[in-house]
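Note sheet for the following structure.
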């Protein structure tokens, strides 16, 4: 420090003790709230909450120790230092949750950022209580001082630990909680700047700084709702057991008891509790419908998307199938579902089956390259299980041109099935898929099934010749009783649509207009947050 | 050390010379380069020294094709289809492609000029047959509509325009439109609809491709300008006129006043109106160079193209009566004389005068007029964004001052699949036809284009793009400039049906011109059909027709 020696301002007109103690309470509450936010984020984002909580508490407490120790090096301008420490906590703590959400979206690993924030807050909080004790009016005895300050410090901690899980997290969410407490820290700084104005060097500048910080955290708190929806989409209802950012997307797997869920970029792809409903409905009606056209059982099957191997698990029930080509963009996705024990348990190790050939490529480009070869060897069944058309690059994979391509590689007696979004939540988009399939010179036959974690979900069968509603399951399915959802009696009922889901007038989805993305977007806005199965 | 000193010098000059260049520091870190067609090569023809070289070799071929662009390769395709394989293609540049040449930056291939082809209407059956040969038509629907390779169809969003600081979808600046302007816009399209697919008494389409096959009934429109036609229709809305002016500049390198009304209407009607036909645009990251590359490879699957394509070959003299073509191999420094039954001049028509014997060209020197173009490719660290409509394939600024207009940019990376689109950054292609009021102005603009150094031209490009994307200099990784002194034939009033094109196309001895320019409209279809007719003429000459 190169400060010229300045006379310490007289401590005579010190602020009243009760107010100072109240600020200890606030400061302590803030400190613990930040610790809890960081710990919660760590367990949400990194999984394994026991480890995360224990690590966060340990690191935070030792950082506080570091801060307390560092306080002995602060000798002059105590009041200034105290206000500045407050302001630093207000900024780092206030923006800790938004920063972590943002970091989670863009960084490969969140740990360094998380611990950097934690150590900064811990050190500053450790610094502020000793500073505050030294700023207390000098008449008090040491034993009173320590007793009162520490008592309020720990009461603050109790307040925080009760309020955080019961009120703050459920009502405000992480982002707004952290901004709210950042604002509290800022207000304490502002109040201290006034209360200690006689002890401060350049009090007006310090007050202005505090005002700016309060204005920033306060205004972010007001618009916090938007950050919230951006950030909280990344949040999961259950503990994370795996999370990885691949070249294409962020894959997150959560587990709560027996329920395993896969999220892509924060959007639910399946829940192990009811995925059988989805995948049985996706796969088996196509085989049943194909019996109207073909006499020999299906041998060659193509799966577009569906790197989780769950549709393939259903496909492998058919003994006549000789080859399954799986085209999924993301090699990490197929690797994960081929190698992770908890996941191979779900898909029955389907991706390791010798009949399965994995191609990691863009579905449209890959299929275009197969056009020639498929003339001699078309596919008997094509399962199209792609993320919802929420952007233009996915919309291409629902276009008429794409379905014409599907038609070109589909056997004359083959059947394709397309996951077609929800006929209830996004009716325009659903019927647009059906119309587009029809316009591609295919015969479309829409149906739907109830999948609790998604809602009512729609599918479209497509064939080169007209097909009627299948009246049961395929004869070639050896053990229909092994299924968990479909029965022969249930299959025909899936093809009936209630009045509020009836077909509507929509334009088809052409590659050069991409109406589907527009419809999906419209439906999404008319129905509030519709995040199911949307990918990037 | 030399390099850094040179950089320093450039930066120093720049600091002094470029006024109002805020980010000269960043810009200086990217060295703009001239890439592609070299104007200097063409100008070699002016040197008399060529004629002094002794002939090192004499050869004979059935057909010599001069020029390896759209016309030259189309002619080769036609000859190959007819079973005539005794031909060579002489190309001045080191690479094929002509004005459709492709280039490449690290992030993506890109066009240097022509970059898309609308799917052909049914009457263009020969062109459909070419596209089928190239695997671009992959099948037909039950009603005979061709089905195109999905990855070549230009995907939505196709266009957006920058107007009042915001991006809007489409190309018509509708923001703030008055009721009268909306009515004029509707009337314009009513007028076009009345002419859409219209035929004369004998069943000929009034507007079709190639333009010379259009029925005669409305040819009178070629005598007036598009601006005069709009006046005549009472269409005065500046929005509508900006839109039509954009179309004329984009397709023809001419302003509204300079474009023949027949050509202007032909732009909208030649393939059927957009909203009534089931058409699309075919495009590729590398532009039409990829189409020609596919054509070259298609021929290569049947023929040895290595021995038939002679790049770096400058034709410097032709004896039209004996079919002798003198050509200089610029890379080997040899002179060759090739004797042929037929010489297909698939290069710009104005050059032919300079290689024929003096006085042998019946075409008046100034009969054809060409638009110079400045094209630039920019590699950016991130995709261009902007407020409003999202990034499209074609991104066009609405600029009030006609003298300051440019066509904006096209996204070379637009057609990427999900596997490539994940890569950061983008390549954009900036297009600017240099339009001037009179031939004198045009010559000056061309001279300036060819005389300017890369830094001056890159400043011009960056300033135009900065208007739409203020931070573009900071995102710039590379900038390639392509100068086209004679990019396009200009369909000014009187060109299409005034007789000059007939003279330009007429055989001169064994020589026949067939490049895009003698078609009258700077379109791939004109090059293709001109080449087909010329190839048929050549086949007749060699006794295969």
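If you take each beta carbon of peptide B:156-162 and count the beta carbons of other chains within 10 angstrom, what is the mean?
3
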Note to self: If I model a spin label at residue B:81 and residue A:471 as a point 7 Å from the Cα along the Cα→Cβ vector, what separation in nanometres do I get?
What the structure shows: 5.3
Margin query: Just to be sure I follow: if Rg is taken over the C-alpha atoms of the stretch B:36-80 and Rh is the Kirkwood radius over the same atoms, what is Rg/Rh?
Written below: 1.07
Margin query: Report, to one decimal in Å, the Kirkwood hydrodynamic radius for the stretch A:395-536 based on all distinct Cα pairs.
Written below: 15.9
Note to self: Once you keep just the Cα pairs under 8 angstrom separated by 6 or more residues, what percentage relative contact order results for chain A?
What the structure shows: 13
Item checked: Radius of gyration, Dmax [the stretch B:54-201; alpha carbons; angstrom] -> 22.2, 72
Next item on the list: Starting from 0 in steps of 10 Å, tell me what percent of the Cα-Cα pairs of the stretch A:272-526 lands in each bin.
Entry: 8, 33, 40, 19, 1
Check: Residue separation times 0.36 nm, minus the C-alpha to C-alpha distance between residue A:146 and residue A:208: what's the value?
Finding: 19.2 nm
Notebook entry, point to check: Between the helical axis of A:173-195 and the dominant principal axis of chain A, each derived from Cα atoms, what acute angle in degrees is found, rounded to the nearest 10?
Noted result: 20
Margin query: What is the ratio of the Cα radius of gyration of the stretch A:13-146 to 2.2 N^0.38 Å, with N the residue count, to two decimals?
Written below: 1.16
Note to self: What FRET efficiency comes out for residue A:134 versus residue A:352 if R0 is 56 angstrom and r is the Cβ-Cβ distance? Round to the nearest 0.05.
What the structure shows: 0.25
Notebook entry, point to check: Gap in Å between the Cα centre of the stretch A:22-89 and the Cα centre of the stretch B:177-247?
Noted result: 73
Item checked: Per-residue mean of C-beta atoms belonging to partner chains within 10 Å, peptide A:506-515 -> 3
Check: Hey, rough spin-label estimate for residue A:369 and residue B:141, points 7 angstrom out along Cα→Cβ, what's it come to in nanometres?
Finding: 2.9
Note to self: Averaged across B:415-427, how many Cβ atoms of other chains sit within 10 Å of each residue's Cβ atom?
What the structure shows: 4
Note to self: Order these by the 10 Å Cβ neighbour count, fewest first: A:443, B:414, B:168, B:115.
What the structure shows: A:443, B:168, B:414, B:115
Notebook entry, point to check: What is the helix-to-structure angle for A:17-46, meaning the angle in degrees between its Cα long axis and the longest Cα principal axis of chain A, kept from 0 to 90 and rounded to the nearest 10?
Noted result: 20
Check: Between residue A:70 and residue A:392, what FRET efficiency follows from the Cβ-Cβ distance if R0 is 45 Å, with the result rounded to 0.05?
Finding: 0.25
Checklist line | For chain B: relative contact order, % (alpha-carbon pairs under 8 angstrom, 6 or more apart) | finding: 25
Notebook entry, point to check: How do A:316, B:90, B:450 line up, fewest other C-beta atoms within 10 Å first?
Noted result: B:450, A:316, B:90
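To two decimal places, what compactness ratio does the protein assembly as shown give when its Cα radius of gyration is scaled by 2.2 N^0.38 Å?
Relative to the rule-of-thumb radius for its length, the protein assembly as shown sits at 1.15.
Kirkwood hydrodynamic radius, chain A, all distinct C-alpha pairs: what's the number in Å?
Kirkwood radius, chain A: 26.5 Å.
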Check: What is the packing order of peptides A:154-164, B:45-55, A:430-440, taking the mean over residues of other C-beta atoms within 10 Å and listing the highest first?
Finding: A:430-440, A:154-164, B:45-55
Notebook entry, point to check: If you take the Cα atoms of the stretch A:270-344, find Rg, then find the Kirkwood Rh from the mean of 1/r over all pairs, what is Rg/Rh?
Noted result: 0.99
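Stretched out fully, how many nm does the piece from residue B:233 to residue B:180 gain, at 0.36 nm a residue minus the Cα gap?
Stretched fully, the residue B:233-residue B:180 segment lengthens by 17.7 nm.
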Item checked: Order of A:246, B:178, B:99 under a 10 Å beta carbon neighbour criterion, fewest first -> B:178, A:246, B:99
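Out of all DSSP beta bridges with both ends in the stretch A:272-526, state the antiparallel percent to the nearest 5.
Antiparallel bridges: around 40 percent, rounded to the nearest 5.
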Next item on the list: Starting from the Cα-Cα distance between residue A:512 and residue A:106, subtract it from 0.36 nm times their residue separation and give me the gain in nm to one decimal.
Entry: 143.0 nm
Checklist line | Shape parameters for chain B, alpha-carbon atoms, Rg then Dmax in Å | finding: 23.4, 75
Margin query: Out of all DSSP beta bridges in chain A, what portion is antiparallel? Express it as a percent rounded to 5.
Written below: 60
Check: Considering only the protein assembly as shown, what is the antiparallel percent among its DSSP beta bridges, to the nearest 5?
Finding: 65
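Computed FRET efficiency, Cβ-Cβ of residue B:387 and residue A:504, R0 51 Å: what is it to the nearest 0.05?
Numbers: r = 33 Å, r/R0 = 0.65.
Efficiency computed from Cβ-Cβ geometry: 0.95.
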Next item on the list: Report, in degrees rounded to the nearest 10, the 0 to 90 angle that the Cα long axis of helix A:49-70 makes with the longest principal axis of chain A.
Entry: 20
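Counting only helical runs of four or more DSSP H residues, what would the 222 nm mean residue ellipticity of chain A come to if each run contributes -39,500 (n - 2.57) and the total is spread over all its residues?
Details: 19 runs with 274 residues, N = 536.
Rounded to the nearest 500, the figure is -16500 deg cm²/dmol.
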Check: Once both labels are modelled 7 Å past Cα along the beta-carbon direction, what's the residue B:450-residue A:323 spacing in nm?
Finding: 5.8
Next item on the list: Please work out whether the stretch B:332-383 counts as rounded, prolate or oblate from its C-alpha gyration tensor, where a ≥ b ≥ c are the square roots of the eigenvalues and a/c under 1.5 means rounded, while otherwise a/b larger than b/c means prolate and anything else oblate?
Entry: oblate
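Read-outs throughout are calculated quantities, based only on the coordinates presented, and are distinct from any laboratory measurement. These figures come from a predicted structure and were not determined experimentally. All Cβ positions, glycine included, derive from the backbone under ideal geometry; neighbour counts span all protein chains shown.
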